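The values are calculated or read from the model by the stated rules, or taken from the named source; none is laboratory data. As the structure is a computational prediction, the values presented were derived from the model and not from experiment. Here the Cβ positions follow ideal geometry from the backbone for every residue, glycine too, while neighbour counts run over all protein chains shown.
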Amino acid sequence: METLRELTVDDVPACLALAADRGWSREEGKWRLLLRVGTGFGLFDGDELVGTTIVTPFGAEHAAVSMVLVASRSGGRGLGRRLVEHALEVTSAPVVSLHATEFGRPLYERLGFRSVGRVTAHFGVFAGARPGVSRPAGEADRARVVAQDAAAFGADRSALWSALWEFASQVRVVPEGHAVSWREGEVETVGVVAPSVGVARDLVADMSPDVTVRVDVAEPKLGGWLAEHGVVPRHTVDLMVRGAAELPGDRGRLFSPVMQALG
């Protein structure tokens with residue numbers, strides 16, 4: 001019987017090896033951030049890590065489940081279900097969300113999650129002009145950015161933002177929105193909160209460096225515009241929720257999450 005225990009940053013190398021085993025990118029910075037702002041759990045067969053999940057709380061209202069991984073040699077034994085059930089047991093949040101692959105969706109449905117949308121990850125080097133409508137966020141912008149995020153997401157994520165200010169490679173603002181990005185290797189992922197598709201486009205364009213960017217979108221117009229500018233769709237997942245009919249917040253303003261693992 002595998003042993004379940006809480007993960008620490010000392011387990012990150014084993015997490016990266018497990019991710020590689022399942023064909024996931026080796027994103028060390030991402031794992032370290034998630035273990036800083038949330039609580040990770042691992043299943044161990046002796047000294048070998050064979051399964052993971054992370055639960056990230058956002059105030060008392062909402063939690064995100066992520067990084068559900070089971071070693072290829074240990075598949076089909078219910079370890080994924082055991083991990084997710086444990087994550088649900090330890091969180092007191094009434095609403096829990098996650099992003100699910102086609103492979104994982106049946107498990108989550110059996111655990112009470114329902115799909116409320118589809119999110120497509122776009123990748124590519126942005127081929128377009130930078131409109132220059134945004135500026136780098138300063139100290140005086142922080143409270144407004146956190147408030148915009150809370151309104152769009154429907155939960156207080158100030159604790160997350162305390163870490164994001166250090167983790168992010170860029171945060172840029174316009175009066176009614178903002179964009180934040182983080183970089184792992186040669187890929188820069190961009191999250192956007194904006195009042196309209198047009199402003200979201202401008203923020204993405206201003207954020208895009210001359211490397212591969214990733215933008216995860218559910219809005220077809222933004223997705224089409226990205227594809228026209230060299231940032232093309234690669235894979236799609238379900239956004240799922242448990243404990244509510246729909247996700248809270250003004251989701252029409254959340255054009256791209258800064259990280260799928262963070263809801």
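When segment 84-114 is filtered for residues that are of a type outside the set (Lys, Arg) and in a helix (DSSP H, G or I), the ones remaining, listed by number, are Val84, Glu85, His86, Ala87, Leu88, Glu89, Val90, Pro106, Leu107, Tyr108, Glu109. Being part of a helix (DSSP H, G or I) and either modelled with pLDDT of 95 or more or in contact with a Gly (Cβ under 7 Å, 6 or more places away or on another chain) (or both) is the filter here; which residues of segment 28-73 pass it? Scanning segment 28-73 gives Glu28, Gly29, Lys30, Trp31, Arg32, Leu33, Leu34, Leu35, Arg36, Val37. For segment 4-22, filtering for residues that are over 18 Å from Thr189 (Cβ atoms) and either hydrophobic (A, V, I, L, M, F, W, C) or part of a loop (DSSP other than H, G, I, E, B) (or both) leaves 11.
Scanning segment 1-27 for residues that are within 17 Å of Arg214 (Cβ to Cβ) and surrounded by fewer than 15 Cβ atoms within 10 Å (Cβ to Cβ) yields Gly23, Trp24, Ser25, Arg26.
May I ask you to say which residue of Gly117, Gly80, Gly76 is within 20 Å of the chain's Cα centre (by Cα), more than 28 Å from Ser181 (Cα to Cα) and either in a strand (DSSP E or B) or small (Gly, Ala, Ser) (or both)? After ruling out the rest, the residue left standing is Gly80. Assess whether Gly230 counts as being under 17 Å from the mean Cα position of the chain (by Cα), under 22 Å from Thr120 (Cβ atoms) and of a type outside the set (Asp, Glu). No, not satisfied.
Conditions tested, residue by residue: (1) over 25 Å from Phe103 (Cα atoms); (2) in contact with a Cys (Cβ under 8 Å, 6 or more places away or on another chain); (3) modelled with pLDDT under 95; (4) not assigned by TED's automatic domain parsing to the domain that holds Lys30.
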| site | (1), (2), (3), (4) |
| --- | --- |
| Val173 | yes, no, no, yes |
| Trp182 | yes, no, no, yes |
| Gly185 | yes, no, yes, yes |
| Ala200 | yes, no, no, yes |
| Asp206 | yes, no, no, yes |
| Val217 | no, no, no, yes |
| Leu239 | no, no, no, yes |
